[in-house]
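Engineer: Got a structure here, written out as structure tokens. Questions coming.
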Amino acid sequence: MTLVKFPYGESYLEHDFDEHLIGILESHINEYVPTDSEYELVKKALLNPIGSLRLSKLAVGKKSVVIICSDHTRPVPSKIIIPLMLKEIREGNPDADISLLIATGFHRPTSKEELIKKFGEEIVEKEKIIIHRSLEDEMTNLGKLPSGGDLLVNKLVVEADLLCSEGFIEPHFFAGYSGGRKSVLPGIASKRTILANHCSKFIDSNNARAGILDGNPIHKDMLYAAKTAGLQFICNVVINVKKEVVYAVAGDVDLAHRSGVAFLEKQCAVKKKEADIVITTNGGYPLDQNIYQSVKGMSSGEAAVKKGGVIIMCASAIDGHGGQSFYDTFNNEKTLEELYQEFMDKDAAHTVDDQWEAQILTRILKKATVIYISKLDDEMIKNFRMIPAKDLDEAILKAKEIIGQDASILAIPDGISVIIKE
């Protein structure tokens, strides 16, 4: 028997598997032992930028400097990164007018309490912090994206003499990887630009998957947006499950990002296996708080499950569905095929809120049955065209009723930390 633990909320679900378990797909990032402390890793990255002068050199003679910072939805260790970036800038230009622009995309505004938790009280009290709002009158039009969508970004970044950003790199289920260029699009772009970038045609692309940058149309738009907006310098980190920095890169928005991606791929890439039943998660709290976010973990299951198989998703979803428009999309009598065709019939200019998440879930459901383990009422799960279960024993029993008692099983304990490769 093989005992496997699956992160679930702030705890775990456990199960002893027999010989039908054909494998466990896991990232090795949590086993990686960094060469230095978190502080030293970031400091050394800033002192040795890739494809760029040091930030202190870039800051010389620059009057206004903007640092794009992640918002409350991202576990970026800003308490480590931002003080070091501020120090670098002021070393080159003590009189620089520095603004921290919070990249909310079109999430809700970050609260003061969340800013303090993110940066610490000293930075919140002493530095100029501006919350991005994706309102058209606060944007500057920079023309067209390669895809044809309008490129509108926060006017502060266009007016800055030096634009830089912080961030972190992890596998992303349709952008390939997070970090780097994503600080601009979607971070400080207009809602119209974000919706165009997340259009159904791009989401449908086989290259819009975790671990893929080359040929990924979503990445292509994002990188173009970052360069056109003038993002000159980034500092990005890789973190482990404890949200600790284990690797850091700094420098050019493309070259430094790709260096971080190369490191991460070595830790996260796993050879593809296929099974009748795939059990996956969203890595536990805080990333499994709703159904919306858990689509990310399901996408790893999608990559490994056989056509017509079963994905068992373990995500507590204590906050519910995660988006009313996302929920409403499924709460009707349309077939999955009809839903997917509706997405594909919408051009980029008519993309609606949360369409991409609904489209990906529909795509997954067309390939496999999803049994969803959560703390939610059964009715909500059923409205999403999934089968509810309260624990792994119940879920596995239901899966075998669908597939058969001899079904092969594959475990992915953290679905958002792995990149499944052929």
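The values are calculated or read from the model by the stated rules, or taken from the named source; none is laboratory data. In this text the structure is predicted, and so the values were computed from the model without any measurement. As a convention, Cβ positions derive from the backbone with ideal geometry for all residues, glycine included, and neighbour counts pool all protein chains shown.
Engineer: Tell me the residue from ILE89, ILE169, ILE102 that is more than 20 Å from the chain's Cα centre (by Cα), β-branched (Val, Ile, Thr) and assigned by TED's automatic domain parsing to the domain that holds SER56, please.
Structural biologist: Exactly one residue qualifies, and that residue is ILE89.
Engineer: Filter the stretch 41-57 down to residues that are of a type outside the set (S, T, N, Q) and farther than 17 Å from ILE67 by Cα, then give me how many there are.
Structural biologist: Summing the residues that are of a type outside the set (S, T, N, Q) and farther than 17 Å from ILE67 by Cα in the stretch 41-57 gives 5.
Engineer: Further question on the same structure: In the stretch 2-12, is there at least one residue being surrounded by fewer than 14 Cβ atoms within 10 Å (Cβ to Cβ) and among the acidic types (Asp, Glu)?
Structural biologist: Within the stretch 2-12 (the criterion being surrounded by fewer than 14 Cβ atoms within 10 Å (Cβ to Cβ) and among the acidic types (Asp, Glu)), the answer is yes, since at least one residue qualifies.
Engineer: For the stretch 282-298, what are the residues that are of a type in the set (D, E, K, R) and either out of contact with any Cys (no Cβ under 8 Å at 6 or more places or on another chain) or not in a loop (DSSP other than H, G, I, E, B) (or both)?
Structural biologist: Of everything in the stretch 282-298, just one residue is of a type in the set (D, E, K, R) and either out of contact with any Cys (no Cβ under 8 Å at 6 or more places or on another chain) or not in a loop (DSSP other than H, G, I, E, B) (or both), namely LYS296.
Engineer: Taking the stretch 382-422, which residues are more than 19 Å from LYS366 (Cβ to Cβ), part of a loop (DSSP other than H, G, I, E, B) and among the small types (Gly, Ala, Ser)?
Structural biologist: GLY404, ALA407, SER408, SER417
Engineer: Ok, one more. In this structure, does VAL270 turn out to be buried (at least 22 other Cβ atoms within 10 Å of the Cβ) and part of a strand (DSSP E or B)?
Structural biologist: It is false that VAL270 is buried (at least 22 other Cβ atoms within 10 Å of the Cβ) and part of a strand (DSSP E or B).
Engineer: Among the residues of the stretch 382-417, count how many are hydrophobic (A, V, I, L, M, F, W, C) and either over 26 Å from TYR340 (Cα atoms) or at pLDDT below 95 (or both).
Structural biologist: Qualifying residue count, the stretch 382-417: 10.
Engineer: Select from the stretch 347-359 the residues that are surrounded by 16 or more Cβ atoms within 10 Å (Cβ to Cβ) and not in a helix (DSSP H, G or I) and list them in ascending order.
Structural biologist: Of everything in the stretch 347-359, those that are surrounded by 16 or more Cβ atoms within 10 Å (Cβ to Cβ) and not in a helix (DSSP H, G or I) turn out to be THR351, ASP353, ASP354.
Engineer: Of all the residues that make up the stretch 219-263, how many are surrounded by fewer than 24 Cβ atoms within 10 Å (Cβ to Cβ) and out of contact with any Leu (no Cβ under 8 Å at 6 or more places or on another chain)?
Structural biologist: 14
Engineer: Still on this structure: State which residue is nearest to the chain's Cα centre (by Cα) when the search covers only the stretch 303-329 and only residues that are within 25 Å of ILE403 (Cα to Cα) and either among the charged types (D, E, K, R) or in a helix (DSSP H, G or I) (or both).
Structural biologist: The selected residue is ALA303.
Engineer: Across the stretch 140-149, what is the number of residues that are surrounded by 15 or more Cβ atoms within 10 Å (Cβ to Cβ) and either modelled with pLDDT under 95 or in a loop (DSSP other than H, G, I, E, B) (or both)?
Structural biologist: 3
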